[in-house]
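Read the structure below first, then the notes.
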């Protein structure tokens, strides 16, 4: 997107938001730091301006432990109480309505739907779309939106935006870390943020039970080079979670540990859930894992993506490997039917 087009979209979004009597704010299922940080940042901004707003995300209406320090979580509205026909709704970090779960109906019924996102796979499902794939995080776009609105940041807003920025840049280690990212980080840090404590909460602090589960997961990891490139995978069963007393939300760190294998171009972690097998994919650059995730109805970024599919862990893992092999053989991935898997729920 050109700078002129993005500025025009930001201006349209700001006008809709400024004129709205109230706002309904939502982000995607199982929200990460960027989704939550962006959502809560605008929620705080609305409150500071005296503009009524509600903020929510789909069931399960919970957040991973590392995000529980975020200010404003106690102000969130359960999805069952979300307006069914909001006059103006804003979504954050959500590439498609399907990622909104039960809140998708509200999005479809909204008088105006403002989409704020940085996923390249976003299908621009809003009436106003502030979508910039070159932005390091959705939080970057929320900061620009606040500027367009003329709304001043405060410490709570800064903390939420910083969380989105630092998580989606991988602690400023991913290739999306730019001079603009550092400039924004400097601005946000000027609000006297506890940067060391935030870093520990987000990336380093885990319950001992979770560490034991991590050990079991790493012990069963498999390195495979039969695809013509390094592929490392591991998995977590429902029995693992029960035995260690760990919530699914506490396992988000696993894929970033598995991806550290020097021999692997692609890392994959599969988790058994009541909804199906949840798959997290990571790439070091040669493989577009978002294209793979799209085949299974998921999405994400070229280096980090995911999806949920029916079947057993073994079936889904085989399907992922088949999709990766097919993509490598054809020189890339396109939207086509995924390899056939069992339609029965995971057993």
Item to check | Selection status of residue 227, modelled with pLDDT under 95 and either surrounded by 14 or more Cβ atoms within 10 Å (Cβ to Cβ) or part of a helix (DSSP H, G or I) (or both) | outcome: yes
Checklist outcome for this item: All-but-one check, residue 80 against (1) within 21 Å of the chain's Cα centre (by Cα); (2) assigned to a helix (DSSP H, G or I), failing number (1)
Checklist entry - Consider residue 30 against the criteria (1) touching a helix residue (DSSP H, G or I) at 6+ places or on another chain (Cβ under 9 Å); (2) part of a helix (DSSP H, G or I): it satisfies all of them except one. Which criterion is unmet? => result (2)
Item to check | Residue that is modelled with the lowest pLDDT [pool: residues in the stretch 169-183 that are surrounded by 13 or more Cβ atoms within 10 Å (Cβ to Cβ) and part of a loop (DSSP other than H, G, I, E, B)] | outcome: 174
Next on the checklist: Can you tell me which condition residue 63 does not meet? The list is (1) under 18 Å from residue 139 (Cβ atoms); (2) touching a residue at least 40 places away in the same chain (Cβ under 8 Å); (3) buried (at least 20 other Cβ atoms within 10 Å of the Cβ); (4) in contact with a helix residue (DSSP H, G or I) (Cβ under 8 Å, 6 or more places away or on another chain), and all the others hold.
Outcome noted: (3)
Checklist entry - Regarding residue 242, is this residue assigned by TED's automatic domain parsing to the domain that holds residue 323 and under 20 Å from residue 138 (Cα atoms)? => result no
Checklist entry - Here are some conditions: (1) crowded, with 22+ Cβ neighbours inside 10 Å; (2) more than 15 Å from the chain's Cα centre (by Cα). Residue 48 meets all but one. Which one does it not meet? => result (1)
Checklist outcome for this item: Of the conditions (1) in contact with a strand residue (DSSP E or B) (Cβ under 8 Å, 6 or more places away or on another chain); (2) surrounded by 14 or more Cβ atoms within 10 Å (Cβ to Cβ); (3) without any contact (Cβ under 8 Å) to a residue 60 or more places away in the chain, the single one that residue 111 does not satisfy is (2)
Checklist entry - Does any residue of the stretch 30-37 turn out to be in the same structural domain as residue 143 (by TED's automatic domain parsing) and touching a strand residue (DSSP E or B) at 6+ places or on another chain (Cβ under 7 Å)? => result yes
Checklist outcome for this item: Within the stretch 103-123, the count of residues that are in a helix (DSSP H, G or I) and either outside the structural domain of residue 176 (by TED's automatic domain parsing) or over 17 Å from the mean Cα position of the chain (by Cα) (or both) comes to 5
Checklist entry - Condition test on residue 249, is it surrounded by fewer than 18 Cβ atoms within 10 Å (Cβ to Cβ), under 19 Å from residue 40 (Cβ atoms) and in the same structural domain as residue 324 (by TED's automatic domain parsing)? => result yes
Checklist entry - Residue check: is residue 145 over 30 Å from residue 12 (Cα atoms), modelled with pLDDT of 95 or more, in the same structural domain as residue 67 (by TED's automatic domain parsing) and surrounded by 12 or more Cβ atoms within 10 Å (Cβ to Cβ)? => result no
Item to check | Residue list for the stretch 79-98, filter: under 24 Å from residue 300 (Cβ atoms) and either free of Cβ contacts under 8 Å to residues at least 12 places away in the same chain or surrounded by fewer than 22 Cβ atoms within 10 Å (Cβ to Cβ) (or both) | outcome: 79, 96, 97, 98
Item to check | Conditions (1) more than 22 Å from residue 306 (Cβ to Cβ); (2) outside any loop (DSSP other than H, G, I, E, B); (3) in contact (Cβ under 8 Å) with a residue 60 or more places away in the chain: number failed by residue 54 | outcome: (3)
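The values are calculated or read from the model by the stated rules, or taken from the named source; none is laboratory data. Because the structure is a prediction, the values reported are computed rather than measured. Counting neighbours? That spans all protein chains shown, and the Cβs are built from the backbone with ideal geometry, glycine included.
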